[in-house]
């Protein structure tokens, strides 16, 4: 059994005991009223998509190096942040913009260096 499922099974009774069933029922009703009657479908769809994302991540680790995977994952996070800034007009502090710019620059430099090394090895052989 995957660790996440096991932790869900172990922690759910504690969450219900600490927060109480009334809070869970109120939260459920609030979520349904804000999102739509299709709340369960959205939660299920999100779970399936997240599961598929994890499967693709593990399959990708077989094909590329962990460093390249980590670098690509960093760029994915930056693209999500930039997309949310563009779509939702999220205000950005200058220090946050600087951090995103540094992450993009370092990722670009990493892939440039990797391409040069590959070219050098191919040229020598």
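Since every read-out is calculated from the coordinates, none of them should be taken as a lab result. Bear in mind that the values here come from a model prediction, so they are computed numbers and not experimental data. Heads up, the Cβs are rebuilt from the backbone with ideal geometry, glycines too, and the neighbour counts pull from every protein chain shown.
If you line up the long axis of helix 39-63 against the longest principal axis of the chain, both from Cα atoms, how many degrees apart are they, to the nearest 10?
Value to nearest ten degrees: 30.
Pull out a ≥ b ≥ c, the square roots of the eigenvalues of the alpha-carbon gyration tensor of region 64-125, then state rounded if a/c is under 1.5, prolate if not and a/b is larger than b/c, and oblate in the remaining case.
Values: a/c = 3.72, a/b = 2.68, b/c = 1.39.
Because a/c hits 1.5 or more and a/b exceeds b/c, region 64-125 counts as prolate.
Okay, helix-only estimate at 222 nm for the chain: each DSSP H run of n ≥ 4 adds -39500 (n - 2.57), divide by all residues, round to 500 deg cm²/dmol; what do you get? Write down the numbers at each step before the final one.
Details: 5 runs with 111 residues, N = 125.
Theoretical 222 nm ellipticity from helices: -31000 deg cm²/dmol.
In whole Å, how far is the Cα centre of region 73-125 from that of region 1-62?
The two parts, judged by their Cα centres, are 31 Å apart.
How far is helix 94-124 tilted, in degrees, relative to the longest principal axis of the Cα atoms in the chain, given as a value from 0 to 90 rounded to the nearest 10?
With both axes taken from Cα atoms, the answer is about 50 degrees.
Roughly what angle does helix 66-88 make with the longest principal axis of the chain, taking Cα atoms, 0 to 90 degrees, to the nearest 10?
Tilt of helix 66-88: around 60 degrees.
Roughly what would the spin-label model give for residue 18 and residue 119, points 7 Å off Cα along C-beta, in nm?
Label at residue 18, label at residue 119, 5.5 nm between them.
Kindly identify region 1-63 as rounded, prolate or oblate by the Cα gyration tensor criterion: order the square roots of the eigenvalues as a ≥ b ≥ c, call it rounded if a/c is under 1.5, otherwise compare a/b with b/c, prolate if a/b is larger, else oblate. Working shown, then result.
Working: a/c = 4.52, a/b = 1.54, b/c = 2.94.
Verdict is oblate for region 1-63.
For P(r) over Cα pairs in 5 Å bins from 0, in percent, pick the label among (i) 2, 8, 9, 12, 14, 14, 13, 12, 7, 4, 2, 2, 1, 0, 0; (ii) 2, 12, 25, 26, 21, 10, 3, 0; (iii) 2, 10, 18, 19, 18, 15, 11, 6, 2, 0 that corresponds to the value derived from the coordinates.
(i)
Separation between the residue 49 and residue 84 pseudo-spin-labels, each 7 Å from Cα along Cα→Cβ, expressed in nm?
Result: 1.4 nm between the two label points.
Does region 21-93 come out rounded, prolate or oblate, given a ≥ b ≥ c as the square roots of the eigenvalues of its C-alpha gyration tensor, rounded meaning a/c under 1.5 and, failing that, prolate meaning a/b above b/c?
Details: a/c = 3.09, a/b = 1.58, b/c = 1.96.
Cα axes put region 21-93 in the oblate bin.
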